[in-house]
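One structure below.
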Amino acid sequence: MSNRDYLGEFEHIVVLALLRLGDRAYGVTVRQEIEVRTSREVSIGAIYATLNRLEAKGYVRSHLGDPTAERGGRSKRFFRVTAKGMAAVNRTQRALQSMTEGLDLIRSYS
Amino acid sequence: MTSQSDFARAPRIANWLVNLFAAGEEAESLLGDMLEEFSLLASKSGVAFARSWYWRQARKTIAHLVGNAFRVAPWLTAATVIGGLLLNRFVSGLPERTMFAVLHRYQVIDHHFSAYVFFATDGIAIGHVITSMFVGCVVALATKGREMVATMTLGLVLCAMTGAAVLVWVATGQALNLWMLPWYIGDWFAIVIGGVIVRMRRSAATNLPSAT
């Protein structure tokens, strides 16, 4: 993977949600965090598809927690951002900031 | 005191469908997450709302799982579908050959004409459904974790090929035997059912806890 790789729009949102949630980041909390903060309805399938892609790129790592009764005896899969993922999110963030610098977006498009 | 949500059960069919498309560890965490949110919603907004949410999530999740399976391993999926087409071509003549060999061997036409007609028409069509299911099982065995995507794609490709053949047949002015159409549809479904059988066997082998 080259060091100029940027995160896609939804990948960026998911990684930021993982960073906000810290140790509590798993499917349900990530989905709810995104829904609350972006007012955008997302499916668990979309979250997992993105997290699996990010894991394949080495940007996130996952581990299984203990099974719980409320989940029908199934385990939670917790995710956390790796150093490589942090570098990617910083790169993307810098690129976005650089592109929006000097633009008065609210006044221009309202 | 027991609340209504304690008795709430997530839709079993939706659960089963998601389990068909998600494999192993992913199915466990994914279904666990859906069930956890279902329970929360059922206690907060009622069981009917939670069930409708669950179905919506299941539908979207399956669409993502299908898309992801194509994105992650497009060549493997394409190769197994082509392999399935070749295998289907190889075995598709077997029901006719076997049936007529048996019918002639026991001279059924001389002694039981109606039975002969049944076996030479519907019997062969049933044979095709069985061989299609066999093809579906083989394709599913070759695509661990993507059984449903591979068999559904093969079914759709065969459906498209049959559709094209029917158009050519009609365009050349030849009569169309519409009575065979349900059997063709049966063949495509049988391929997918082959995938379902293999997927469920694999799912049972991983000893996951029950859906709800």
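Just wondering, is there one or more residues in region B:64-72 that are of a type in the set (D, E, K, R) and under 30 Å from B:ARG12 (Cβ atoms)?
yes
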Review point. Only one of these conditions is not met by B:VAL149: (1) surrounded by fewer than 18 Cβ atoms within 10 Å (Cβ to Cβ); (2) aliphatic (A, V, I, L, M); (3) closer than 28 Å to A:GLY73 by Cβ. Which number is it?
Key: (1)
Review point. Tell me, which residue of region A:1-39 that is within 13 Å of chain B (Cβ to nearest Cβ) and part of a loop (DSSP other than H, G, I, E, B) is nearest to B:ARG56 (Cα to Cα)?
Key: A:ALA25
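Yes/no matrix, rows are residues, columns are (1) among the hydrophobic types (A, V, I, L, M, F, W, C); (2) surrounded by fewer than 13 Cβ atoms within 10 Å (Cβ to Cβ):
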{"site": "B:PHE49", "(1), (2)": "yes, yes"}
{"site": "B:ARG56", "(1), (2)": "no, no"}
{"site": "B:ALA63", "(1), (2)": "yes, no"}
{"site": "B:ASN68", "(1), (2)": "no, no"}
{"site": "B:GLY83", "(1), (2)": "no, no"}
{"site": "B:LEU86", "(1), (2)": "yes, yes"}
{"site": "B:SER92", "(1), (2)": "no, no"}
{"site": "B:ARG97", "(1), (2)": "no, yes"}
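Which one of these is surrounded by 15 or more Cβ atoms within 10 Å (Cβ to Cβ) and either among the aliphatic types (A, V, I, L, M) or in contact with a Leu (Cβ under 8 Å, 6 or more places away or on another chain) (or both): A:ALA95, A:ALA69, A:ALA87, A:ALA17? Give the derivation first.
Values: A:ALA95 fails: surrounded by 15 or more Cβ atoms within 10 Å (Cβ to Cβ); A:ALA69 fails: surrounded by 15 or more Cβ atoms within 10 Å (Cβ to Cβ); A:ALA87 fails: surrounded by 15 or more Cβ atoms within 10 Å (Cβ to Cβ).
The match here is A:ALA17.
If we only count helices (runs of 4 or more DSSP H) wholly inside region B:1-105, which ones have 1 or more residues that are over 24 Å from the mean Cα position of the chain (by Cα) and among the aliphatic types (A, V, I, L, M)? Before you say what the answer is, go through the steps one by one.
On the way: elements: B:12-21, B:24-45, B:47-72, B:74-91, B:94-105.
Those helices (runs of 4 or more DSSP H) span B:24-45, B:47-72, B:94-105.
Given the criterion closer than 20 Å to B:PHE38 by Cβ and modelled with pLDDT of 95 or more, identify the matching residue among A:ILE44, A:ILE34. Step through it out loud before you land on a result.
On the way: A:ILE44 fails: modelled with pLDDT of 95 or more.
Residue meeting the stated conditions: A:ILE34.
The values are calculated or read from the model by the stated rules, or taken from the named source; none is laboratory data. What you are looking at is a predicted structure, and each value in this text was computed from that prediction instead of being measured. Heads up, the Cβs are rebuilt from the backbone with ideal geometry, glycines too, and the neighbour counts pull from every protein chain shown.
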